[in-house]
Structures are given as structure tokens and as C-alpha cells.
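Scroll down for the structure; my scribbles are underneath it.
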Amino acid sequence: MESLESWVERQYRHAAAAMLRSVSPLGLTHSRPGFGQTVAAKRGAIVASPILGAYDPEPDYFFHWYRDSAIVIDALRRLLEEGLEPRAPEHFADFVRFSLTLRHLDGRTLAASPEWRSRVREDFRKFLRPDAELAAVHGDAVAGEARVNPDGTLDISSWGRPQHDGPALRALAVLRWIRGGRLDTELTAAASVLLHADLAFILAHALEPCFDIWEEERGLHYYTLRTAAAALEEGADWLEGREERREAQRCREAAAALLARLDEYWLPDEGFYRSRILPGGSRSAKDLDIAVILGVLHSSGQGPSHSVHDPRIHATLGRLAALFDAEYPINRSRPPGRAPAMGRYAGDHYYSGGAYYFSTLAAAELSFRAAAAADEPRARVLCRQGDAFLETVRAFTPPSGDLSEQFDRTTGEQTSARQLAWSYAALISCVAARRTAVGGAALPARERHG
């Protein structure tokens, strides 16, 4: 049997190539006859999946999601650092330019024009956004959109909006690219304009209720607040370097306030961080949610709390692993050395309501990132834990290496969106964390190579 080490490196290279199909997918055109649309991707757009679906059965993911695109553009930075994608700076430049054009979108034009609505089939009109909602989309409200069409136009379909995590993730990705020092003067200036706008949006809206990353419930969400705090903290450092000290101080104070709010999400009697606080403080069936783990990973914080070093985060992961171990038939009677396949939350019904590649990879990555800073005995335990989750990903990855969004909770077959860019980005990020951790833990060869 192929060693885990060999599979990981082979799958890493496949993921790198596969993810690029979603980046500036010029030549891809998607027809949505029900909505009277034909959408051709523009340079700089990043689609969630390059597979054209219409819920037949694959979903229509031919959109530039703010969240997914930021995760992908950050993964591209890692590929550049490893010498695997020399065109990554060009892709980043296109992404910045495309993102800047979105700031000029104005839903008032759509709301005032009846012409486009006449092209929508009658049976699809129930899926359209109301005129009042469209008319409100202008100025900084554009950054609260969950997604746009990859041709740079507003999404006209009803969806979970607003979402506030997109600007935070984009700010974090842009900051990391700027710190890399590989951008020319012109691109640095353009990226700075985008970054200023995103930080201003976060300052203005971070504590306003919005939809969660699954676009299902409105409230105040751990993931959104954690990534916002990280963007403001890192943004403050960048602003100070530019001698914009007043704005830097505002960002630091706002970040501290957000982190203090996150302490309220700990449920001591249940032993996990809840993922959301709904209006009125009510509880949700989705309180125990992998989104908390994703929030910690995507924010990359290094402090003692709300980071990979926080024992309460590891307790939350433990509760999630126990949940999915009991809930998913594919986790029963699994062989030694394999961890549970991980999903989103209890009772998930989207498509198979099953395991997600990026959820299972998040569990692995959290283990590896924590191992990198742990003492040797603890690091060895965490590395073995991370490899156990990777073994699960390997078990449900087909020989092609292609990764969808989900794999079925009962059969293990891939479901939902095929070739999900986020799944590939999650594998790239996880493997990068593993390389750091395994080197630091000084594992014996038989443990390193599976």
C-alpha cells in the first residue's frame, strides 16, 4: 500500500493543479435560462467550482464567493512560496483588479429597470431578490454580498445576505500577499486601496448580525467575529507601518473588543465554543459547528485563546469528532489509524448532509498547527491525530484525486459540487501545516511515512 507520505505529496500536487481551474476560468460560460442569463467568467474571478451545474444534481456554484475566493487566493500564495505556481502573482493582480471593480456595483440600477425581469421565466420569479433589497446594494453594502457572478455583476437570486466574513478573509489574504514582498509598486498600491476598503467595512459592520458561513442563520457568528478580529489586528500592524496611527489604533481597539466578545461563546457545561448567538440570545441546533474550527484556522491567530493553542478549541474539536463518529455510518467500524470523517453540524440536510473534505482537513490541520508549537511528546500525539484525519480523507478520495464538496455519510460517494476549489485549498493548507509540524516533531521514519 502506498505510504501516507507519498499519497499526501501526490495529492498536494493534484490539488494545486485542480484548484487553478477555478481561477480566472476564461472561456467558461454558464447559461441560466430560468433567470434569462448567460454568464461568462472574467479575468480575476474565482469560481467556487468550474463544473457547470443547475441542481441537476450538482448545484450551481458558478459564482465568485467572497469567502471562497479569498481562501483560494491565499492558497495560491502558498503554492508560489513552494515554487509550484510561478503565475500566482499574476493571478493575485487579476483578483485585486476584479475585486476593485466590484466596489462600483449599484443595485439601484437593476431595481429601477424592468427589462431584465422580463427575461426571467415565470416559474423562476419566486427565486428573485426583491427590488428593495437590490436597491440597497451600493457603496460599502456591496462588500456584504455573499457572492457575485464571475462576470462582475450582482447575483439576482434570493440568498442568505448580508455576510460579513468575506471582507475579513479578503483583507487577511491581501495582507499576507503584501507581507510576502513580491508585489510591484503598482500592484501594492491597488492592493492597498482594496485593503483600506475592507478594513473600513469591518470597523463599521463587525458587530452587526449577518448570515453564517453556511448562509443559513442570521446572528452573531464565531467564525465571522474571529476572522474580523484577525483582520483588524493584522491590519493595525500594516497601518502603523504606513504611519496611519489613528486608524491603526481604531483597528486594535475594535479587535480587542471582538476577541472579548468571543469569550462569551464558551459553554462550560457542554465543553465547547458555540458557533453563533441568534437574535435575542437564543440557542441554535447548529451551536456545535465545524465553523468554529475553520474560524481559528482562517484567522491564524497565535495567542493563547481563540487559536490553535486554545485547549477549549481542542475540546470543541473533540466534541465535533464524537458527534460525527456517532452520526455517520461511514465512521462505524473504521480501521485503526483512521479518525472520523467530519461534517458541519448535527442534523445537516444539505445534499447528503454528509462529511465535507474541508471539514475533515480542518481537523487535521488544527492538529498539525498545534503540534508545531507543542513540546515533543504532545507534538507526536497531535501529529498522529492529524495523520489519522488525513487517512480518512485518503480513504474517501477517488483514484483521480478529484475532491467534491461532500462525501456521503452512508456510502462515502462524492456528492454536492464537484471539484470544489475550497476542498483543494484546504488540502494545500493542511499539507503545508503538516510539513512544518512533522519536521518540528522529529518523528521516527516509520511514523513520518505511514
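Read-outs throughout are calculated quantities, based only on the coordinates presented, and are distinct from any laboratory measurement. Nothing here was measured: the structure is a model prediction, and the numbers come from that model. Cβ: placed from backbone, ideal geometry, glycine included. Neighbour counts: every protein chain shown.
So THR316 passes all but one of these: (1) crowded, with 24+ Cβ neighbours inside 10 Å; (2) among the hydroxyl-bearing types (Ser, Thr, Tyr); (3) closer than 17 Å to ASP408 by Cβ. Which condition number does it fail?
All conditions are met except number (3).
Only residues that are of a type outside the set (Phe, Trp, Tyr), under 18 Å from GLN414 (Cβ atoms) and not in a helix (DSSP H, G or I): list them for segment 348-375, please.
Matches in segment 348-375: ASP348, HIS349, SER352, GLY353, GLY354, ALA355.
If you go through segment 289-313, how many residues are assigned to a loop (DSSP other than H, G, I, E, B) and surrounded by fewer than 21 Cβ atoms within 10 Å (Cβ to Cβ)?
Selection size over segment 289-313: 8.
Tally time: how many residues in segment 281-301 are closer than 23 Å to ALA374 by Cα and over 19 Å from the mean Cα position of the chain (by Cα)?
Within segment 281-301, residues that are closer than 23 Å to ALA374 by Cα and over 19 Å from the mean Cα position of the chain (by Cα) number 0.
Filter segment 143-161 down to the residues that are without any contact (Cβ under 8 Å) to a residue 60 or more places away in the chain and either part of a strand (DSSP E or B) or in contact with a Pro (Cβ under 9 Å, 6 or more places away or on another chain) (or both) and list them by number.
LEU154, SER158, listed by residue number.
Within segment 356-363, identify whether any single residue is surrounded by fewer than 19 Cβ atoms within 10 Å (Cβ to Cβ), of a type outside the set (Val, Ile, Thr), over 20 Å from ARG312 (Cα atoms) and within 23 Å of the chain's Cα centre (by Cα), and answer yes or no.
Taking every residue of segment 356-363 in turn, none turns out to be surrounded by fewer than 19 Cβ atoms within 10 Å (Cβ to Cβ), of a type outside the set (Val, Ile, Thr), over 20 Å from ARG312 (Cα atoms) and within 23 Å of the chain's Cα centre (by Cα).
I'm checking my understanding of the structure. Among residues of segment 312-349 that are touching a residue at least 60 places away in the same chain (Cβ under 8 Å) and within 15 Å of ALA285 (Cα to Cα), which one is farthest from the chain's Cα centre (by Cα)?
GLU327
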